[in-house]
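Asks: Quick one: the structure is below, and I'll ask about it shortly.
The values are calculated or read from the model by the stated rules, or taken from the named source; none is laboratory data. Not measured: the values here are computed from a predicted model. Glycine also receives a Cβ, built like all others from the backbone with ideal geometry; neighbour counts cover every protein chain displayed. Keep in mind that these areas ignore ligands, DNA and RNA; they rest on the heavy atoms of the full protein, side chains included. Shrake-Rupley method; radii C 1.70, N 1.55, O 1.52, S 1.80 Å.
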Amino acid sequence: MLLASESANSKNGSMQNLEQRWNTDAYAANGRFVATLASPVVELLAPLAGERILDVGCGDGVLTETIVAAGASVKGVDSSPAMVEAARKRGLDVDQHSADALPYQHEFDAVFSNAAMHWLAAERHPTLLAAIHRSLKPGGRFVAELGGHGNIAAIRTALSAVLGPYGIDPEEAAASYYPAPAVYRRLLEEAGFTVVTMELIPRPTLLPGGITGWLETFRNGVLDRLAPADRAAALAKVVHLLEPILRDGDGNWIADYVRLRFSVTAN
Ligand code: BEZ
């Protein structure tokens, strides 16, 4: 999470007002599941008391706290000033950096990342993985989960169908990356990691604020590219297209999340 604004800024400095906005209240209301559904990836990390662990894209720090609770000494890092402030309010040790510009040199026993790396565009991942490798002590482990191939496919297709006629490409605007396992394995190996486990996991995800809450929290940047007069109608069209696919008979909205989860070690 929390890296898209960085990406939007660096791609086009003139689009400041159109970038993804991270609102910590909206995130708590519509995105808390990101941390609560992450226990399998924390279990895969298996943090030990006394270990020095880096949490890349720590967001508001809710998940970071669970690693601290295991007795590890954890540093969080995030590119969003709002999220860094929220995490520091929890008493966490957090730095503000983009994930592909980490300044750490062989300091950590393990690097952890949940639901953050997909916010970096594909072309930034070799630099991201090199920065993570450099942060680890030799032989250290890197455990992460990000959106994988096919992630939120229905949502992305509906956004493309509705926003295309307005001349907006939501895939380009989101600059997200949901890699397939074979592709990411190759990138990890090229960065100097040995893959221990790697899984692509479909994870239908209940959206507490429905699809509108999700879109307003995680796709506000692309929706804000619409003229104010068009925004509400376009949003309604996206919701209408998705309703037969993502809304169940009880009225729950369930998004088509797919996770790529892996554990690797630094050579
Ligand atoms: C994800 O965790 O896969 C995700 C979250 C928000 C927007 C897009 C993807």
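Asks: Considering only residues of the range 145-160 that are touching a strand residue (DSSP E or B) at 6+ places or on another chain (Cβ under 8 Å) and assigned to a helix (DSSP H, G or I), which is least open to solvent (accessible area, probe 1.4 Å)?
Replies: Checking each candidate, the answer is 155.
Asks: So residue 130 fits all but one of (1) open to solvent by 10 Å² or more (accessible area, probe 1.4 Å); (2) under 16 Å from residue 195 (Cα atoms); (3) in a strand (DSSP E or B); what number is the exception?
Replies: With respect to (1) open to solvent by 10 Å² or more (accessible area, probe 1.4 Å); (2) under 16 Å from residue 195 (Cα atoms); (3) in a strand (DSSP E or B), residue 130 is out only on (3).
Asks: Okay, moving on. Kindly list the number of the only condition in (1) within 15 Å of the ligand (Cβ to nearest atom); (2) part of a loop (DSSP other than H, G, I, E, B); (3) closer than 20 Å to residue 31 by Cα that fails for residue 242.
Replies: (2)
Asks: For the range 161-179, what are the residues that are within 16 Å of the ligand (Cβ to nearest atom), assigned to a helix (DSSP H, G or I) and either within 30 Å of residue 262 (Cβ to Cβ) or without any contact (Cβ under 8 Å) to a residue 24 or more places away in the chain (or both)?
Replies: Across the range 161-179, the qualifying residues are 170, 171, 172, 173, 174.
Asks: Still on this structure: Evaluate the range 193-212: report whether one residue or more is in a helix (DSSP H, G or I), away from the ligand (no atom under 16 Å from the Cβ), under 19 Å from residue 116 (Cβ atoms) and not basic (Lys, Arg).
Replies: For the range 193-212, residues in a helix (DSSP H, G or I), away from the ligand (no atom under 16 Å from the Cβ), under 19 Å from residue 116 (Cβ atoms) and not basic (Lys, Arg): absent.
Asks: Quick check, is residue 139 in contact (Cβ under 8 Å) with a residue 12 or more places away in the chain, farther than 21 Å from residue 65 by Cβ and surrounded by 15 or more Cβ atoms within 10 Å (Cβ to Cβ)?
Replies: When the stated conditions are applied, residue 139 does not pass them.
Asks: Being in contact with a strand residue (DSSP E or B) (Cβ under 9 Å, 6 or more places away or on another chain), away from the ligand (no atom under 15 Å from the Cβ) and of a type in the set (Asp, Glu) narrows it down to one of 248, 224, so name that one.
Replies: Going through 248, 224 in turn, the sole match is 248.
Asks: Report, by residue number, each residue of the range 80-97 that is outside any helix (DSSP H, G or I), open to solvent by 10 Å² or more (accessible area, probe 1.4 Å) and under 26 Å from residue 176 (Cα atoms).
Replies: 95, 96, 97, listed by residue number.
Asks: Just to verify a result, which residue in the range 30-70, among those that are among the aliphatic types (A, V, I, L, M) and assigned to a loop (DSSP other than H, G, I, E, B), is least open to solvent (accessible area, probe 1.4 Å)?
Replies: 38
Asks: Examine the range 110-122 for a residue that is open to solvent by 50 Å² or more (accessible area, probe 1.4 Å) and farther than 30 Å from residue 241 by Cβ, and state whether such a residue exists.
Replies: no
Asks: I've got another one for you. With respect to the numbered conditions (1) modelled with pLDDT of 95 or more; (2) within 16 Å of the ligand (Cβ to nearest atom), which one is the sole condition not fulfilled by residue 142?
Replies: It is condition (2) that residue 142 fails.
Asks: Collect the residues in the range 98-127 that are aromatic (Phe, Trp, Tyr) and assigned to a helix (DSSP H, G or I), keeping them in residue-number order.
Replies: Of everything in the range 98-127, just one residue is aromatic (Phe, Trp, Tyr) and assigned to a helix (DSSP H, G or I), namely 119.
Asks: Select from the range 171-196 the residues that are within 30 Å of residue 234 (Cα to Cα) and either open to solvent by 20 Å² or more (accessible area, probe 1.4 Å) or at pLDDT below 95 (or both) and list them in ascending order.
Replies: Passing the criteria: 171, 172, 173, 174, 175, 176, 177, 178.
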